[in-house]
Each structure stands twice: as C-alpha cells, then as structure tokens.
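Read the figures in this text as sums done on the coordinates, not as results from a lab. Every value quoted in this text rests on a predicted model; they were computed, and no experiment measured them. For neighbour counting, all protein chains shown are included, and Cβ atoms are generated from backbone atoms with ideal geometry for every residue, glycine included.
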Amino acid sequence: MVMRDVEIILKTPFVIQKFRNIDTFILAIFPDLKLYIQNQLMKGNLKSDVETKVYSELEKKFKLFIIRNYSKALDEYINREAKHADKEAMKDVLLSTLSITLNVNDSSGHKLTETDYLLSLRNIIENFDS
C-alpha cells in the first residue's frame with residue numbers, strides 16, 4: 001500500500017486527530033508549502049535539494065501547528081496533569097517531546113519515518129509546476 005493513501009493519526013497526550021493521508025497532513029502543518037517550494041525554486045535551488053530544506057521547515061512548522069490548533073487542549077491538559085508545576089515550563093517540556101515521527105502513525109499503527117515524509121515531499125515537489 002502506498003503511504004500517500006494511508007490514513008495518518010496525530011497522537012499526543014492532549015489530542016488525537018486523523019488525516020486522510022500523508023499529503024493532507026503535510027499541507028495542514030505547512031499550508032504555505034507550495035509558496036515555499038516556489039520561492040526555493042526561484043532562488044535557483046534544484047528540486048532534489050529542495051526536499052531536504054522542506055523537511056527541515058516541516059519539522060519546525062509542526063510545533064507551530066500544535067500551538068496554533070491545540071493551544072486550548074494543551075493548556076487544559078497541563079492544568080489537569082501538572083497542578084503544582086510551573087505551567088509554562090511544563091508546556092515547553094511537553095512541546096519539546098513532540099515530533100512528526102514520534103507522534104504520528106499510519107492507520108496500521110506504524111510510526112512515520114523521515115523517509116515517509118521525504119517520499120511524499122519528493123512527489124509534491126516533482127509534481128510542482130513552477
């Protein structure tokens with residue numbers, strides 16, 4: 001089965017969300033991906049070099065995605081689980097443990113790897129019309 005066709009599940013202590021496939025998950029995390037690719041190609045970067053840059057940005061955008069979309073759930077979780085701890089410190093610790101490989105599985109329960117993302121990104125980039 002092609003990874004692009006497998007349901008993706010984001011699992012954290014404070015939220016579980018399903019995505020139709022890896023491409024929709026990537027675009028949810030990195031909504032301006034196509035603009036980013038276009039800018040990289042306009043700078044003269046080869047498509048083969050862009051995938052590594054895009055993956056690095058994807059990892060950074062994952063934390064922003066969590067904060068932007070699940071901030072309330074994250075705060076509620078911390079308030080419930082860490083009543084006597086410094087809440088901001090706990091939030092920083094929890095966010096530092098989240099990862100697009102550790103917290104994201106396919107529908108069979110297999111954790112996504114960097115290779116899974118790179119294959120999907122390579123297909124998105126190769127199909128990109130600049």
Go ahead and set up a Gaussian network model of the chain, Cα springs under 10 Å, then flag whichever of Lys91, Lys83, Lys34 fluctuates most.
Lys83
Rounded to the nearest 500, what is the chain's calculated 222 nm mean residue ellipticity when only DSSP H runs of at least 4 contribute -39500 (n - 2.57) each, over all residues?
-19500 deg cm²/dmol
What is the packing order of peptides 41-53, 19-31, taking the mean over residues of other C-beta atoms within 10 Å and listing the highest first?
19-31, 41-53
What's the FRET efficiency of Asn39 with Ser99 using the Cβ-Cβ distance as r and R₀ = 30 Å, to the nearest 0.05?
0.70
Compute the angle between helix 47-81 and the longest alpha-carbon principal axis of the chain, please, reported from 0 to 90 degrees and rounded to the nearest 10.
20 degrees
Rounded to the nearest 5, the percent of DSSP beta bridges in the chain running antiparallel is 100 percent
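Let me have the relative contact order for the stretch 3-126, percent, based on Cα pairs under 8 Å that are six or more residues apart. Walk me through the numbers before you get to the answer.
Working: 120 pairs, mean separation 41.7, N = 124.
Worked out over the stretch 3-126, it gives 34 percent.
What is the projected area of the convex hull of the Cα atoms of the chain, averaged over all directions, in nm²? Mind showing how you got there, number by number?
Numbers: hull surface 33.3 nm².
Mean orientational projected area (the chain, Cα hull): 8.3 nm².
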The simple spin-label model distance between Arg20 and Arg68, using points 7 Å out along Cα→Cβ, in nm, is 1.9 nm
